[in-house]
Amino acid sequence: MTTQDWMRIFEAKGGKLNRRDSWRLQFDDSLSPDKPNMGWKMYKRSACARFSCSTCKRTWPSNRVMVIFHMRLSRGQGTVKVRRFRQNCKECSEAPMEEATFSTDNISILMEKLVEKIREKCYHQNLGKKNRFFRNIDVEGPHEEAHCEACQQGTCSMNQTIRHF
Ligand SMILES: [Zn+2]
Ligand SMILES: [Zn+2]
């Protein structure tokens with residue numbers, strides 16, 4: 001899935017956010033997992049995706065792919081910055097960190113949740129509880145902390161299950 005797919009899905013889900021405001025999505029790998037800048041709100045969650053090693057071509061799934069969003073609404077312009085945490089191969093030594101590949105379904109669910117968070121945090125709407133679950137991937141073995149960028153930065157949802165929104 002390319003960046004364009006994320007943007008297209010975000011626009012489809014977020015189009016009805018507010019008539020007067022326009023929202024855009026940007027990728028930013030330097031986003032802080034802890035403190036958004038002044039005036040920005042944060043939403044952080046783990047999602048399901050696959051990785052592929054560029055060295056040995058091995059692929060692996062993970063249900064703990066951390067995704068962080070920072071969002072701000074300012075004078076009719078809404079901005080969402082996204083960071084997707086990477087993982088690296090446990091078989092190769094000094095394997096590079098790889099980008100996650102998300103299914104369209106899981107991007108859609110992520111974008112739906114994001115739009116809900118924007119309504120709550122940027123428009124102060126109270127939305128009650130409605131949960132939609134990710135399509136979990138069958139993962140063999142435990143989460144590989146040593147190979148997860150989010151774990152290395154202390155922001156992985158190791159203790160959160162996929163059900164906690
Ligand atoms: Zn490898
Ligand atoms: Zn982790």
- Residues (β-branched (Val, Ile, Thr) and more than 17 Å from residue 98 (Cβ to Cβ)) located in the range 42-72: 68
- State the number of residues belonging to the range 107-151 that are within 16 Å of ligand 2 (Cβ to nearest atom), surrounded by 14 or more Cβ atoms within 10 Å (Cβ to Cβ) and at pLDDT 90 or above. 7
- Filter pass, residue 17 being touching a residue at least 60 places away in the same chain (Cβ under 8 Å) and of a type in the set (A, V, I, L, M): yes
- Item | Candidate set: the range 87-100, residues that are more than 16 Å from ligand 2 (Cβ to nearest atom), modelled with pLDDT of 95 or more and not hydrophobic (A, V, I, L, M, F, W, C); chosen: the one farthest from residue 144 (Cα to Cα) | 96
- Item | Unique match (being within 20 Å of residue 154 (Cα to Cα), in contact with a strand residue (DSSP E or B) (Cβ under 9 Å, 6 or more places away or on another chain) and of a type in the set (A, V, I, L, M, F, W, C)) among 66, 71, 7 | 66
- Query: Got a sec? Which of 62, 74 is of a type in the set (S, T, N, Q) and either within 16 Å of ligand 2 (Cβ to nearest atom) or under 14 Å from the mean Cα position of the chain (by Cα) (or both)?
  - Reply: 62
- Go through the range 8-35 and count every residue that is buried (at least 16 other Cβ atoms within 10 Å of the Cβ), at pLDDT 85 or above, aliphatic (A, V, I, L, M) and not in a strand (DSSP E or B). 2
- Positions within the range 2-23 being closer than 18 Å to residue 108 by Cβ and of a type in the set (Lys, Arg), in sequence order: 8, 13, 16
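The values are calculated or read from the model by the stated rules, or taken from the named source; none is laboratory data. Remember, predicted model here, so these are calculated numbers, not experimental data. Positions of Cβ are backbone-derived with ideal geometry, glycine not excepted, and every protein chain shown enters the neighbour counts.
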